[in-house]
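The values are calculated or read from the model by the stated rules, or taken from the named source; none is laboratory data. Note that the coordinates shown come from a computational prediction; the quantities given were computed from them, not determined experimentally. Ideal geometry is used to build each Cβ from the backbone, glycine not excepted, and the neighbour counts take in all protein chains shown. Side chains included, ligands, DNA and RNA excluded: accessible areas come from the protein's heavy atoms. Shrake-Rupley method; radii C 1.70, N 1.55, O 1.52, S 1.80 Å.
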Amino acid sequence: TAPAKKKGSITEVDLNRVLAMQDDGTGFLIDVRPTLFYTMGHLPGAISMPQKSFPLSLVKVQGQIDAAVAAGKVVVVYCQNVECPDGYSVGKKMSSKGYDVSLYKGGWEEWKAMGF
C-alpha cells in the first residue's frame, strides 16, 4: 500500500505578502469563490477552484497546483472577505490531502479596496 500522505499546514498571509509574491512570482493564487464572482474579477493570475464543488474543482486544477508546488510556489487560497469561511474550508480540505496552504483572509474585497 502507498504510504499515507502527511497532513499539510495552513498558514495566513496578509496583503503585503500577497503583493510581494505577485512581484516575485512565488505565489500560486486560488480563488475559492463561486465561478460567477471569479469571472467578474479576481486577483491577477489566480485560478478558479470554487469551494462549493471542491472535490471536482480540485481534480480539474490539481495538475496546475502540483506543478506550482514542485516549482516551490506558495499555494494561497482566498475568498470574498475576512468573514467568508470558504477559504479556510478549502485550506483545511487541501491540507488533509497533504498540501501546505496559506490563507489570504482579506480576499477580493481588501484587494479591491486597495485600488488594484
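Among the residues of region 49-106, those that are out of contact with any helix residue (DSSP H, G or I) (no Cβ under 6 Å at 6 or more places or on another chain), of a type in the set (A, V, I, L, M), part of a helix (DSSP H, G or I) and open to solvent by less than 50 Å² (accessible area, probe 1.4 Å) comprise L58, V61, I65, A68, M94.
Among the residues of region 23-43, those identified as in a loop (DSSP other than H, G, I, E, B) and in contact (Cβ under 8 Å) with a residue 60 or more places away in the chain are R33, G41, H42, L43.
Looking only at residues of region 14-48 that are among the hydrophobic types (A, V, I, L, M, F, W, C) and more than 21 Å from G63 (Cα to Cα), we find that the one that is least open to solvent (accessible area, probe 1.4 Å) is V18.
Any residue that is over 15 Å from M49 (Cβ atoms), at pLDDT 95 or above and not acidic (D, E) - is there at least one of those in region 83-92? Checked region 83-92: no residue is over 15 Å from M49 (Cβ atoms), at pLDDT 95 or above and not acidic (D, E).
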